[in-house]
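Have a look at the structure below, then the notes.
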Amino acid sequence: MSTGTGEGETAPDGESESENPPVRRLSAWDAADLEELAATYETPLYVMDLGRVRENCRRLREAFPDADVRYAAKAHTGRAVFEAVRQEGLGIECASAGEVERAFAAGASGSEVQYTAVNPPDGDLDLVVQRWEDDPDLTVTVGARDTVERLRERGFDGRLCVRVNPGVGAGHHAKVTTGGHAKFGVPYSEAESVVLDARDDFDVVGIHAHAGSGISGDDLSAHREVVRRMGDLARAVEEETDLEFVDVGGGFGVPYREDEPALDLPAVAEATREALGDVDAQLAVEPGRYVVADAGVLLATVNTVKESEEYETVVGIDAGMTTLLRPAMYDAYHAIRNLSAGEDRNATSVTVAGPICETSDVLCEHRPLAAPARGDVLAVGNAGAYGYEMASTYNSRPRPAEVVLDPEPRLARRRESLAALTELEQ
Ligand SMILES: *Cc1c(COP(=O)(O)O)cnc(C)c1O
């Protein structure tokens with residue numbers, strides 16, 4: 001099955017002419033193929049194209065040929081995605097013990113795994129230290145002196161990286177800006193002393209900063225500033241400690257709007273190298289969204305079309321904020337396409353809403369869409385990152401199924417059952 005741009009088809013902006021275009025638009029997915037998947041596996045359904053995941057990995061490796069590229073797992077933790085990114089030579093950046101376990105379950109070895117601890121619960125540290133005892137190449141990144149202390153208490157003396165709060169944030173929404181937020185990393189002014197103090201008890205291999213999500217062409221100055229500070233810090237500690245890498249985080253933006261230009265990745269890479277300056281350590285980056293966002297779509301079925309004089313048409317679908325949280329949580333924009341509508345249906349302005357009893361359970365408002373009818377299948381674009389991952393069972397709504405294209409479709413995660421919702425009850 002080919003859900004990509006068909007042969008001979010050319011997107012208006014010429015993006016499809018390249019073998020590995022910088023973005024895959026929702027319009028480039030094959031409507032008939034997606035409708036067939038919806039019919040076979042039912043909706044709501046996530047579809048993940050592993051071929052596109054691989055293309056995104058390759059584009060990153062080409063833009064950053066000397067850097068260590070690590071996939072930030074929290075964007076999508078499916079085993080098939082882990083396997084694909086590992087095959088493309090990416091490491092795996094984990095935000096919890098659970099992600100570390102899933103990385104190992106997908107075949108990763110310690111040398112491929114970075115665990116970045118954010119206020120880690122005891123159980124997480126216990127588990128990761130246990131993993132490290134079996135596989136001492138694993139790297140632990142700490143963002144507080146407390147975490148250093150707690151690792152020492154557990155007998156960990158392995159590869160340690162210090163996460164620094166660069167004091168500069170990038171991001172499209174306050175909730176995804178982490179750099180300026182004191183929760184993440186040791187304060188920049190203390191970073192040097194934390195590195196130097198840790199040197200005696202640990203193998204300090206790196207310094208790290210992640211300034212948040214949403215690096216875009218307009219936003220490169222904040223990214224430059226973060227990287228410049230990391231370069232300065234690396235040079236300040238270089239004489240005293242032998243750094244292996246300087247990790248400047250992820251956050252490479254993707255165009256959620258169909259008319260938004262793709263990120264100029266080579267330009268970001270050049271700005272990164274320039275801002276880092278001369279350091280005696282390897283550059284590392286850890287993109288999540290960029291790897292998986294445009295490799296995924298969410299399919300949903302229209303069950304209600306409500307027209308009224310006071311409001312625009314409300315289109316009710318079987319996917320909501322429990323399936324894809326980003327619009328409700330971040331006011332995120334996702335392109336939506338009516339796969340079932342032929343040329344004969346005029347575009348009409350609609351609100352698309354889910355089945356959850358919450359006002360915020362709305363995917364879009366005032367959106368022109370080929371007039372939907374009950375039973376139509378809608379596709380929601382750029383759903384591969386932070387989509388399935390943030391799904392919940394609120395309103396006792398089971399989590400959706402997920403199919404991967406490899407290139408043939410196969411069920412990667414079956415739909416959660418209603419029985420699973422009460423399984424934990426005593
Ligand atoms: C979330 C996260 C990333 C990835 O962010 P993206 O915007 O998905 O690229 C990278 N590093 C850390 C530490 C993160 O928490």
Using only helices, what value at 222 nm comes out for the chain when you add -39,500 (n - 2.57) per DSSP H run of length 4 or more and divide by the total residues, to the nearest 500 deg cm²/dmol? -8000 deg cm²/dmol
Given the options ARG345, ARG337, ARG79, which has the most mean-square fluctuation in a GNM of the chain, springs set between C-alpha atoms less than 10 angstrom apart? ARG345
The stretch 197-335 - convex hull of the alpha-carbon atoms, volume per residue in Å³: 158
Under 5 Å from the placed amide H of ASP264, counting only residues 5+ away or on other chains, we find GLY217
Kirkwood Rh, angstrom, the stretch 117-287 [1 / mean 1/r, Cα pairs]: 16.5
In degrees between 0 and 90, to the nearest 10, how far off the longest principal axis of the chain does helix 122-134 point, with axes built from Cα atoms? 70
D_trans [Stokes-Einstein, Kirkwood Rh over alpha-carbon pairs] for the stretch 10-121, 37 °C, 0.692 mPa s, µm² s⁻¹: 205
Table column - 3J(HN,Hα) (Hz), the stretch 232-242, Karplus curve with 6.51, -1.76, 1.60, x for Gly and Pro: 4, 5, 4, 5, 5, 9, 4, 5, 8, 8, 9
Per residue Cα convex hull volume in Å³ - calculated over the chain: 147
Quick one: angle between helix 50-63 and the longest Cα principal axis of the chain, in degrees between 0 and 90, rounded to 10, please. 40
Stokes-Einstein translational diffusion, the stretch 225-294 - Kirkwood Rh over all Cα pairs, 1.002 mPa s, 20 °C, in µm²/s: 160
Neighbourhood net charge (13 Å Cβ-Cβ; Lys/Arg +1, Asp/Glu -1) for ASN382: +3
Which residues' amide hydrogens lie under 5 Å from the amide hydrogen of VAL305, considering only partners 5 or more residues apart or on another chain, with H built in the peptide plane? GLY316
Which trypsin sites (Lys or Arg not before Pro) does the stretch 348-426 hold that lie in a coil by DSSP with at most 13 other beta carbons within 10 Å? ARG374, ARG414
Tell me the angle of helix 188-198 to the major Cα principal axis of the chain, expressed in degrees between 0 and 90 and rounded to the nearest ten. 60
Sort CYS94, CYS57, CYS357 so that the residue with the fewest other Cβ atoms within 10 Å of its own Cβ comes first and the one with the most comes last. CYS357, CYS57, CYS94
Convex hull volume per residue for the stretch 294-422, taking Cα atoms only, in Å³: 119
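Where a number appears in this text, it was derived from the coordinates with a stated rule and is not lab data. What you see is a predicted model, and the numbers here were worked out from it, not measured in a lab. FYI the Cβ positions are ideal-geometry reconstructions off the backbone, even for glycines, and counts take in every protein chain you see.
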